[in-house]
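To start, the structure itself, in structure tokens.
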């Protein structure tokens, strides 16, 4: 049986955390299948994205073959800012995973035009 977890994103610029409106957010399964696409609002947030995840009760034993979470990838794009990729993002049943994205203006990183900053989330030690 499946449960649901959620992903919430907040996109902002600089250490002042200025919200970035209209940042494109794409969440995919690890095989590249699109799960959801959203644009951030004026507060830099999206509506939470529901993700199918394993039931908590299915992961109560210390079986290393079972994961109590689903893994997805997240991509953020906004014109004039660096691209961000978050790989292996973990989503748990009944939990809203908050992904904070600090996008840097390309004017501050001229060598990064067309490149993405990649963040790989290591597995939980459960």
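Compactness of the stretch 3-108, taken as the C-alpha radius of gyration over 2.2 N^0.38 Å, stands at 1.17. Here the gap between residue 66 and residue 121, fully extended at 0.36 nm per residue and compared with their Cα-Cα distance, gives a gain of 18.0 nm.
Each reported figure results from applying straightforward, stated rules to the coordinates on display, with no laboratory input. Values in this document were obtained by computation on a predicted structure and should not be read as measured data.
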